[in-house]
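Working notes for the structure below.
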Amino acid sequence: MKFKNPIISGFYPDPSICRVENDFYLVTSTFEYFPGVPIFHSTDLVNWDQIGHCLTTTQQLPLNDTPSSCGIYAPTIRYHEGVFYVVTTNVLEGGNFFVTAINPAGPWSEPIWFENSQGIDPSLFFDEDGKCYLTGTSGNHEKSGIYQVEIDIKTGKYLSERKFIWEGTGGAFPEGPHLYKIGKYYYLMISEGGTEYGHMLTISRSKNLYGPFESYEGNPIMTHRSKNHPIQATGHADLVQHTDSSWWAVFLAFRPIGYPKKHHLGRETFLAPITWTEAGWPIVGDNGIIGEEIESESITSAQHVEWKERDDFDQSVLDFKWIFRRNLLKENYLLNGEEGFLSLIGSSATLRDTATHTFVGRRQEHFDCEISTSLQFKPQDSEEAGLTIFANENFHYEIGLRNMNGKTEVFFRKNIGSISVIEKQLDYEENTIEFRIISDAECYSFEIVSPTGDVTSLGTGECGLLSTEVAGGFTGNVFGLYATGNGEQSRNEARFNWFNYKIARK
């Protein structure tokens with residue numbers, strides 16, 4: 001049966017996967033967003049449902065004034081003797097740690113931090129004798145490459161010397177290591193070339209856990225570098241064996257658009273089959289090339305998307321798709337499921353600040369979509385609230401209501417680097433307004449709808465100016481509801497009555 005890539009669209013990078021009997025579990029990076037590390041479940045590898053997050057408290061995930069694209073890097077999920085383990089890095093708040101759970105939907109444990117934490121992209125490997133090993137990248141002042149140490153999985157303490165085991169094939173930034181025991185060999189798979197257009201997947205093997213590791217002469221086993229392909233930056237993969245004994249890789253990639261090419265949805269999660277050479281080396285996809293559509297006898301379920309278009313905020317908790325920037329100040333959020341609204345109270349921080357601002361959003365998962373929300377708000381003093389499409393502190397567009405000289409006005413603002421400009425502003429006398437962002441692959445269009453149904457266009461903004469190639473960083477774009485007092489703590493609630501995410505069918 002055929003399936004389409006990506007299998008999880010939008011900003012879900014650095015996937016890691018494990019299988020427990022007939023069930024698969026997958027986690028991805030979240031950087032400065034909270035809660036951290038979404039966890040997905042599947043029984044067929046192509047249809048995934050989010051069942052929770054692994055890091056849901058400030059104790060598990062401190063994000064104190066964390067800049068964009070810092071925070072949580074590259075988690076790995078593993079299962080051993082009835083326990084799930086997720087190991088990851090909080091790059092500015094303590095380094096490498098892991099959490100555990102009996103039920104992958106949670107709750108997850110308090111973090112267990114590794115001593116002398118160095119490097120990023122930690123991965124756990126449980127050997128046949130029950131011993132556990134931590135594999136990761138080089139730290140400060142270390143030779144570039146991959147390092148490994150035996151650990152006490154109960155305490156995180158090192159039980160051996162941390163040893164250098166492989167430098168890779170010579171590509172920049174050897175990272176994302178995963179160790180597997182398949183047959184008589186230990187296979188060490190890593191990414192090289194940086195998580196950009198030169199990204200590639202390479203592999204080595206050894207009969208000894210610490211090596212020496214023999215590099216596959218046919219490396220890289222997956223890359224789209226130097227190819228005119230709609231999928232780019234393939235790498236940072238993890239392997240899993242299907243129930244029919246076939247092998248598969250989940251990995252990140254992105255889908256650039258336009259010329260020169262730029263990507264703004266972020267790095268997404270893709271899937272491809274593994275074939276094995278006669279000498280016992282794995283090859284991903286079609287000799288390292290990955291299709292947008294793949295057919296395999298091992299995939300027996302039709303791929304489908306159960307899309308919830310509208311959120312009326314009528315539940316006691318927000319859907320898993322909603323995320324905050326850094327640790328939220330709970331007093332600035334009110335979810336009234338009985339009456340059906342989400343109220344935001346603006347903190348003093350604005351969207352351009354690294355301090356925690358009042359923001360709750362959802363990843364952009366499609367090039368072509370229409371986002372809308374209804375806001376009730378009477379701004380006072382310097383207050384404002386609205387709808388934003390957000391890449392990072394310095395790159396975002398928003399439409400909102402604000403108070404200017406005692407009057408309410410609607411505005412459309414662009415923030416591109418150090419430049420912040422109001423493109424359009426109009427007096428607005430009503431207290432209720434509908435905001436719309438209409439997106440295609442090249443452009444965002446911004447509209448408002450009055451209570452009488454009158455539609456007014458406020459302008460457009462290029463998607464490419466919010467792309468990673470321009471804005472930098474490791475995340476993708478997020479549609480966000482926000483409120484701010486622009487330097488002062490707000491008093492008024494900005495009440496959002498619903499949020500709609502409509503996929504444009506083409």
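The values are calculated or read from the model by the stated rules, or taken from the named source; none is laboratory data. Bear in mind that the values here come from a model prediction, so they are computed numbers and not experimental data. Note: ideal-geometry Cβ built from the backbone for every residue, glycine included; neighbour counts use all protein chains shown.
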Which condition number does ASP152 fail, the rest of (1) under 25 Å from SER204 (Cβ atoms); (2) more than 27 Å from the chain's Cα centre (by Cα) being met? (1)
Between a residue in segment 149-165 that is closer than 19 Å to VAL99 by Cβ and in a loop (DSSP other than H, G, I, E, B) and any residue that is modelled with pLDDT under 95 and small (Gly, Ala, Ser), which pairs come within a Cβ distance under 8 Å, given they are 6 or more apart or on different chains? none
Residue ID - farthest from the chain's Cα centre (by Cα), chosen from residues in segment 28-60 that are buried (at least 23 other Cβ atoms within 10 Å of the Cβ) and among the hydroxyl-bearing types (Ser, Thr, Tyr): TYR33
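Restricting to segment 400-415, give me the number of residues that are out of contact with any Gly (no Cβ under 9 Å at 6 or more places or on another chain) and either outside any loop (DSSP other than H, G, I, E, B) or surrounded by 14 or more Cβ atoms within 10 Å (Cβ to Cβ) (or both). Spell out how you get there, then give the answer.
So the first thing to find is which residues in segment 400-415 are out of contact with any Gly (no Cβ under 9 Å at 6 or more places or on another chain), and the list is 403-409, 415.
Subset that is either outside any loop (DSSP other than H, G, I, E, B) or surrounded by 14 or more Cβ atoms within 10 Å (Cβ to Cβ) (or both): 403-404, 407-409, 415.
Total meeting the criteria: 6.
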Which condition from (1) crowded, with 22+ Cβ neighbours inside 10 Å; (2) more than 16 Å from ILE7 (Cα to Cα); (3) touching a Phe, Trp or Tyr at 6+ places or on another chain (Cβ under 7 Å) is the one that HIS264 breaks? (3)
Report, by residue number, each residue of segment 297-326 that is assigned to a loop (DSSP other than H, G, I, E, B), surrounded by 13 or more Cβ atoms within 10 Å (Cβ to Cβ) and touching a Lys or Arg at 6+ places or on another chain (Cβ under 8 Å). ILE299, GLN303, LYS321, TRP322
What do you reckon, is PHE270 closer than 23 Å to ALA504 by Cα, of a type in the set (Phe, Trp, Tyr) and either modelled with pLDDT under 95 or assigned to a loop (DSSP other than H, G, I, E, B) (or both)? no
Between a first residue in segment 30-45 that is under 21 Å from CYS70 (Cβ atoms) and a second residue that is small (Gly, Ala, Ser) and buried (at least 23 other Cβ atoms within 10 Å of the Cβ), which pairs have beta carbons less than 6 Å apart while being 6 or more apart in sequence or on different chains? THR30/GLY36; PHE31/GLY71; GLU32/GLY71
Segment 284-318, residues that are touching a Phe, Trp or Tyr at 6+ places or on another chain (Cβ under 7 Å) and not acidic (Asp, Glu): ILE290, ILE294, ILE299, GLN303, ARG310, PHE313
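Filter segment 111-146 down to the residues that are aliphatic (A, V, I, L, M) and either in contact with a His (Cβ under 9 Å, 6 or more places away or on another chain) or under 22 Å from THR169 (Cα atoms) (or both) and list them by number.
The first filter runs over segment 111-146 and keeps only residues aliphatic (A, V, I, L, M), leaving 112, 120, 124, 134, 146.
Across segment 111-146, the qualifying residues are ILE120, LEU124, LEU134, ILE146.
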Within segment 172-195, can you find the residues that are surrounded by fewer than 22 Cβ atoms within 10 Å (Cβ to Cβ), in contact with a strand residue (DSSP E or B) (Cβ under 6 Å, 6 or more places away or on another chain) and outside any strand (DSSP E or B)? none
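Determine whether LEU159 is among the hydrophobic types (A, V, I, L, M, F, W, C), surrounded by 21 or more Cβ atoms within 10 Å (Cβ to Cβ) and in the same structural domain as ILE77 (by TED's automatic domain parsing). Break it down into steps so the answer makes sense when it comes.
On the way: among the hydrophobic types (A, V, I, L, M, F, W, C): yes; surrounded by 21 or more Cβ atoms within 10 Å (Cβ to Cβ): no; in the same structural domain as ILE77 (by TED's automatic domain parsing): yes.
Criteria not met by LEU159.
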Please specify each residue of segment 327-380 satisfying the condition of being among the hydroxyl-bearing types (Ser, Thr, Tyr), under 25 Å from the mean Cα position of the chain (by Cα), modelled with pLDDT of 95 or more and not in a strand (DSSP E or B). THR350
Can you tell me which residue in segment 110-158 is modelled with the lowest pLDDT, limited to those that are under 25 Å from SER191 (Cβ atoms) and among the acidic types (Asp, Glu)? GLU142
